[in-house]
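Accompanying notes for the structure given below.
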Amino acid sequence: MMAKLKVAGTWAGVVEVELEQWTVPMLRAEVARRSNASPDSINLICAGKVLKDGDGTESLSQSGVKNNSKILSSRVNVDQKQELLAEEERASRLARVKAAATALAQRHADGSMPLEDFNIELEDQSGKKVNLGSETDQRAVMMGLMLHTKGKQLIRKQMYKDALEVLEMGEEAFSLCNPQVIEMIDNVPILQIDMAWCYFMLRDISSISVAGARLQKAREGIERAHGKDYSRVRVLQGGRHPDIALHLRLELLEGVVAYHTGQLDNSRKALTSAQAKFVQLKVPDEALSLIMSMGFKEQAATRALRMNNQDVGAALDFLDEEEAKRMQKREEDARRQHEIMEQKSYGATPMKKAVDLERLNELVSIGYEKALAAEALRRNENDTQKALDDLTNPEVNATMQQDVESRKRKRQRKSENEVVEQLVAMGFERSRVVEAVQAGGTLERAMQDLLAQNPLHPSNAAHVAATSAPSATAENVPGPSNSAVDLGESNQEPMNYRDVEMEDEIAHDLAQVDALSDYDIDVTKEGEAIEEYLALLASTGSSSSGHKPQ
């Protein structure tokens, strides 16, 4: 049945359409034809809403267009339209970043059953796991750290506008945490410095007062966390100087703010101090060459020299310690991944939590069989006393044993079915595969038996090599300073919808950082900015703090 749409704007008249058959692109093309214009230059508005093409399959009816609807068509510049689309895409992506970080923090802070094969945990600079306040505090800090890490990745890509918005999300997340907890860590002050750095790189002079307030908060927070003379961070880092580059950026930005607010003496003082730190961070070619000749990469060697005041011996010790930490981390990550897989095998509690392995081990230590004890904890939301009550109740104990055996049989059937499908996909006959799997169980054993009975045709042998699943490893890497994030590789698809692509992207970003990444800053741009503003100060020819630069 045909419907009539009343069109006004670039062309006025009535268009007859089939609401269930026509799409927005079809209507746009028709209006553009009658307007003697390109479809790309036509915007359509119905009931106060811009009609979007979507994937091109949604009907006009599904888009909210009805019989006798009024359509306003307007002509827009194609470049302007592309800019609008790009801005919409950018806003959508930033919203996805926030949603994914929120979901990850929620799952990894409240003990929910892991959907991934990694776990996100907070740790200090020494790599020790920490619990900061309540579950809400843990979640807020995790989310803040993830968003801060994403913001820093965007800064490295010189996407300063996007970085600033993501950092603002991170600031909002941190604000949900107990202030007393936040005062214990230096992440929030560093985030404030990064936000001020974005203002500077965007040359956003209108935000100068905001930048000044952020830098003041940052300095107060840094001094609270590091000590006024940096003594606390020196102790934490064994006398090393990881924070020099961070303080260089802080002093540069303070100097820039002071310059643009007419405080020339304060600006000169801050910039001169930043310049001295810049010189201190210059790595001698000879020292760098010597360390690289021992097999270390340039980036690692540069970092080691900068954080050890250019002392070659101390830098080598630092590199050895970092390698030992990485090896220990790999071992811990392998252990943790094994624990996650174990938790998954026990199933989730009624509140969708994972079985608490620490409480499980307590029950095992007093003599209870592990799978049975896990079932008791699972049923009782990890309440040890209630689990003990069930374990000591003969009737409940018997029921739990039946459930454990039933779950074990289901897992075994599932595992066997997966092996069967893999072998069938390789070209083996299904009936023989089923017999081999039931006899041998494992993929390797069943394949050996099948090949012994009837070797594969050469064409199928190539198929085996092409379709065999690669071995996967999960390597967890510590995250930002004072409160880091560990993660490995996400391999499991959950049953409920989640933005796997964005969560994996955030996970990848976290995997690129370690406990010292916030301090490891390439100060090339800072050095150029210091020279620029010292030259501006010199050109004023005045040290009066009352003179305001034009």
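The values are calculated or read from the model by the stated rules, or taken from the named source; none is laboratory data. Remember, it's a predicted structure, so these values are computed and weren't measured experimentally. When we count neighbours, we look across all protein chains shown, and the Cβ atoms used for this are built from the backbone with ideal geometry, even at glycine. When the accessible area is computed, the model is the full protein with side chains, heavy atoms only, and any ligands, DNA or RNA have been set aside. Shrake-Rupley method; radii C 1.70, N 1.55, O 1.52, S 1.80 Å.
Quick notes on this structure:
- Exposure check, 1.4 Å probe, all protein chains in place: residue 298 carries approximately 110 Å² of accessible surface.
- For residue 53 and residue 6, the FRET efficiency from 1/(1 + (r/R0)^6), where r spans their Cβ atoms and R0 equals 22 Å, is about 0.55.
- Compactness index (Cα Rg / 2.2 N^0.38 Å), region 2-77: 0.96
- With both labels modelled 7 Å from their Cα along Cα-to-Cβ, the residue 67 to residue 158 distance reads 5.9 nm.
- Nonpolar atom fraction for region 2-77, defined as the carbon and sulfur part of the 1.4 Å probe accessible area, stands at 48 percent.
- Solvent-accessible area of residue 136, all protein chains in place: 70 Å² (probe radius 1.4 Å, heavy atoms, ligands and nucleic acids excluded).
- Remark: spin-label model distance residue 540-residue 106 equals 5.1 nm, labels positioned 7 Å along the Cα→Cβ axis.
- For region 209-221, Karplus couplings with θ = phi - 60° (6.51, -1.76, 1.60), whole Hz, Gly/Pro x: 5, 5, 4, x, 5, 5, 5, 5, 5, 5, 5, 4, x
- The 1.4 Å probe gives accessible areas that order 201, 143, largest first, as 201, 143.
- For region 186-202, 3J(HN,Hα) per residue [Karplus equation, 6.51 cos²θ - 1.76 cosθ + 1.60, θ = phi - 60°, Hz, x = Gly/Pro]: 9, 5, 5, x, 5, 4, 4, 5, 5, 5, 5, 5, 5, 4, 5, 5, 7
- Using the Cβ-Cβ distance between residue 178 and residue 332 with R0 set to 25 Å, the FRET efficiency works out to roughly 0.35.
- The Rg/Rh ratio of region 229-386, with both radii computed over alpha carbons and Rh defined as the Kirkwood radius, is 1.27.
- Remark: region 2-77 carries 55 Å² of accessible area per residue (probe radius 1.4 Å; ligands, DNA and RNA excluded).
- A Cβ-based charge dipole, computed about the Cα centre of region 203-323 with Lys and Arg at +1 and Asp and Glu at -1, lands at about 620 debye.
- Rounded to the nearest 0.05, the FRET efficiency derived from the C-beta distance between residue 16 and residue 508 at R0 = 41 Å is 0.20.
- Heavy-atom accessible area order for 63, 431, largest first, 1.4 Å probe: 431, 63
- The length gained by stretching the chain between residue 134 and residue 325 to full extension, at 0.36 nm per residue less their Cα-Cα distance, is 65.9 nm.
- Aspartates and glutamates with Cα under 20 Å of residue 6, excluding same-chain neighbours fewer than 8 positions away: 16, 18, 20, 30, 53
- Trypsin sites (Lys or Arg not before Pro) within region 133-172: DSSP coil, no more than 14 neighbouring Cβ in 10 Å: 157
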